[in-house]
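Comments concern the structure below.
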Amino acid sequence: MMRVLFVDDEQPVLDGLRVRMRALRDKWETAFAGSGPCAVEMMEERAFDVIVSDMRMPEMDGAQLLRIVSERWPQTVRIVLSGYSEIDQTVRLVPVAHQYLSKPCDLAALENIIGRCMALKGVLAQPELRSLVGQLRQLPPVPATYAKLQQAMAVESVSVRDVAAIVSRDTVIAAKLMQIVNSAFFRLPRRIDDIEQAVTYLGLVTVRNLVLSAEVFAKWPRANGTLPIDLECLQVHVLNVAAGAHALARDVPFAADAMLAAMLHDIGYWVLVQQRAEGLDAAVRLACAERLSLDEAERRVLGASHAEIGAYLLGLWGLPNTIVEAVAHHHRPRVVPQTGFDVLAAVSIANALAEPAESRAFPSLPVVHSEVDPEYLRSINAPFDWSHAARRVAEATS
């Protein structure tokens, strides 16, 4: 049974949660702590799958508590439940909270979010790798793009469109922005899947504060010459896949979702460079030695590939299932029952057709997309054949 720990310094709030949680007692084992230090003591005594903490508490606030949890119990899913959404508090929470909920929280919404987080174990089954992702607080944006964004945000007359265009050039910045804007802190009437809409809704002041905060983004890793991957070259591949996926889906309602999923499809590589560079290096060497696709070599070395690792992270951050599914299976779309052309298909096909740029990120590495071929398009009744798809992607990326 799943164990959930609720933390709030207001006893009436805890009492109310106790009453509401009775409806879920057949699914969850719940516990309640009146302070951050009390929560730490309880976690030292037993393991919890999820912690849901208030933000404003004396002695130790929610951000401080969740930072401790991320260090000592990285497998625990970390959720903030707060009645406040000031940007300075949000910036402090970005590195340590997976999801943000506002008070009062609907019980069905809370159950859905926690249930989805727990279901992610099916995406990334290895506890060690879930801990690896759980420890992660920051990822590094591409330096040139980040510098350009910083410069733009320093100009008073900068437009939303200009900022969105820069954000759209970087996987890490885009992912963080979409995580924040779609959090319940901002009480959106609907989900935002377009970067320009996200910048518009948050406002340039909020985006500026996020971009300039030292807590939100990590520094660029050691020189590419000592890394198993050229991340700047990989970012070029990501942009090509995003443009290609959008071109393939331009005639269907989910074009924006396809582009966003493609923009994030390789974020697992940023996680591996940050958290397990030596494992990625071993996978690259194995792929070269045995002529394997890199995702297969990653599974042999690490137990999972960048695809599952990236999908798990995005799922923890609350991105929708369609995005998580597309990221998790973009190399192996056939493992998912598909009855037609969808977001996963758009990303998988664009990724296969944009393959050369990915190869340049891993010099001398064989990159194989054996499942994504003309037969795959026929099996999902795609609205175009392979040659037509190739033309669309080529035109979008030229």
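Quick rundown of the values:
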item	result
Length released on extending from R46 to R285, taking residue separation times 0.36 nm less the Cα-Cα span	82.0 nm
Charged-residue dipole, Cβ positions (Lys, Arg, Asp, Glu), segment 143-212 about Cα centre, Debye nearest 20	160
Pairwise FRET efficiency - A109 versus C38, Cβ, R0 = 25 Å, nearest 0.05	0.45
Whichever lysines have a C-alpha closer than 18 Å to that of K219, once near sequence neighbours (fewer than 8 apart) are set aside	K148, K176
Residue exposure sequence - Y376, Y312, Y100 - by fewest surrounding Cβ within 10 Å	Y376, Y100, Y312
Calculated FRET value between A147 and E10, using beta carbons and R₀ = 45 Å, to 0.05	0.55
Sites R300 and V335 - FRET efficiency at Förster radius 22 Å, r taken between beta-carbons, to 0.05	0.80
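Readers should treat all values here as calculations from the given coordinates under stated rules, not as data from a laboratory. Note that the structure is a prediction, hence the values are computed from the model and not measured. Heads up, the Cβs are rebuilt from the backbone with ideal geometry, glycines too, and the neighbour counts pull from every protein chain shown.
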